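The values are calculated or read from the model by the stated rules, or taken from the named source; none is laboratory data. Every value quoted in this text rests on a predicted model; they were computed, and no experiment measured them. Virtual Cβ from ideal backbone geometry, glycine too; neighbours counted across all protein chains shown. Areas reflect the complete protein model, heavy atoms only, side chains present, ligands, DNA and RNA absent. Shrake-Rupley method; radii C 1.70, N 1.55, O 1.52, S 1.80 Å.
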Amino acid sequence: MNKVSIKLAAYFLISVLVMETVLMFYLHQGIIHTRVDEEYSRLLASGSNHRDVGGKYVK
């Protein structure tokens, strides 16, 4: 009976670790994608601002 409990505990821990690894991978990918989109939007907004300011003095 003792070996069955140890096997069940080991299988449970391994399955939880595998699920956490998979979920953390997808969470990390989602966070990176969101961060890249935010930076891209910020750079586009900054570029538009520079274009507007530069356009005033170049004309």
Open item on the list: Six or more apart or on different chains, Cβ atoms under 7 Å: show the pairs whose first residue is in the stretch 1-23 and on the phi > 0 side of the Ramachandran plot and touching a residue at least 40 places away in the same chain (Cβ under 8 Å) and whose second is open to solvent by less than 90 Å² (accessible area, probe 1.4 Å) and part of a helix (DSSP H, G or I).
Closed with: none
Task: Residues (open to solvent by 100 Å² or more (accessible area, probe 1.4 Å) and charged (D, E, K, R)) located in the stretch 21-37 - done: 35
- [ ] Could you tell me whether the stretch 16-36 includes any residue that is in a helix (DSSP H, G or I), out of contact with any His (no Cβ under 8 Å at 6 or more places or on another chain) and at pLDDT below 80?
- [x] no
